[in-house]
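Structure first, commentary second.
FYI, it's all coordinate maths here, none of it is from the lab. All values derive from a computational prediction rather than experimental measurement. With ideal geometry, Cβ positions are generated from the backbone for all residues, glycine too; neighbour counts draw on all protein chains shown.
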Amino acid sequence: TQSTRPQRLLGAVQKNATRGHPRSVIQAIDHFCRNKEWAMNVGDEKGCILDSVVSEVSPATVLELGTYCGYSTVRIASRLPPHAKLITLEFNPEFAVIARQVIAWAGVEDKVQLVEGASGDWIPRMKEQFGVKTFDLVFLDHWKDRYLPDTKLMEECGLLRKGSILLADNVICPGTPDYLEYVRNSPRYESQYFKSHLEYTKVEDGLEKSVFLG
Ligand SMILES: Cc1ncnc2c1ncn2[C@@H]1O[C@H](/C=C/CNC(=O)c2cc(-c3ccc(F)cc3)cc(O)c2O)C[C@H]1O
Ligand SMILES: [Mg+2]
């Protein structure tokens with residue numbers, strides 16, 4: 001039977017990356033996506049911006065919306081301070097199976113909790129299920145029409161504190177117009193656009209970093 005692209009991406013990791021070396025896992029995926037098959041990972045160029053935000057924030061608690069194959073999960077987890085935790089939500093079980101293996105190959109599973117299900121169902125249960133008070137950093141990279149409703153839901157559930165950082169992928173391509181309008185015009189956010197390119201292409205895209213002001 002035919003393999004799927006995520007399965008072929010995992011194969012490239014297992015063939016070309018060294019177990020326990022997150023950087024080699026990232027490099028193997030970027031090489032696969034640049035030279036074999038494009039895939040919707042945040043990629044190396046926007047990934048460097050993600051890295052710098054993670055290093056600057058040095059978060060104790062991170063929420064990622066949309067795991068896919070675990071590329072950004074590994075990028076973030078490999079830069080977390082000791083005892084920090086990353087919860088990543090993925091509702092497609094096939095992607096979750098692949099992501100768990102990519103995360104394990106990188107050796108960052110101790111910092112990552114991959115939760116299978118829809119963000120709208122899980123965000124209201126973060127406190128009771130995982131003992132999370134608030135998130136220091138949220139990386140939004142799931143369905144683009146869910147960025148805004150999930151941000152409002154996180155506000156309502158008290159999961160954001162003064163200084164919490166939202167970092168959103170694809171605000172230009174495919175685009176998240178309603179989210180962008182909200183974080184750029186709401187008095188409760190201080191927003192900044194990091195111009196970059198759509199992963200593995202020359203098309204413009206960027207990350208929007210928004211600080212929740214409480
Ligand atoms: C609500 C919810 N809860 C949990 N997991 C969720 C969820 N919505 C999606 N997910 C999961 O996240 C992943 C989805 C991500 C959506 N990302 C995209 O659609 C996406 C698309 C492109 C893109 C750009 C130009 C093109 F020409 C073609 C594609 C680039 C990207 O970086 C992307 O993130 C996988 C999905 O199962
Ligand atoms: Mg993306």
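Computed from Cα atoms alone, the Kirkwood hydrodynamic radius reported for the range 79-152 is 13.4 Å. Here the 3J(HN,Hα) profile of the range 63-69, calculated from phi with Karplus coefficients 6.51, -1.76 and 1.60 at θ = phi - 60°, is 10, 10, 9, x, 6, 6, 9 Hz, Gly and Pro shown as x.
May I ask for the percentage of alpha-carbon pairs in the range 1-98 that lie more than 24 Å from each other? Of all Cα-Cα distances in the range 1-98, 20 percent exceed 24 Å. Sorting Val102, Val53 by the number of Cβ atoms found within 10 Å of their own Cβ, with the fewest placed first, yields Val53, Val102. When each of Thr201, Thr73 is scored by the number of other beta-carbon atoms lying within 10 Å, the sequence from fewest to most is Thr201, Thr73.
In this structure, the amide hydrogen of Thr61, modeled 1.01 Å from its nitrogen in the peptide plane, lies closer than 5 angstrom to those of Lys85, Asp136, Leu137, counting only residues at least 5 positions away or on a different chain.
Here the chain is treated with +1 on each Lys and Arg Cβ and -1 on each Asp and Glu Cβ, and its dipole about the Cα centre works out to around 480 debye. By the count of other C-beta atoms within 10 Å, a proxy for reagent exposure, Trp143, Trp122, Trp105 are ordered fewest to most as Trp143, Trp122, Trp105.
All Cα-Cα separations within the range 78-207 were binned at 5 Å from zero, giving a P(r) of 2, 9, 17, 21, 21, 19, 9, 2, 0, each value a whole percent of the pairs.
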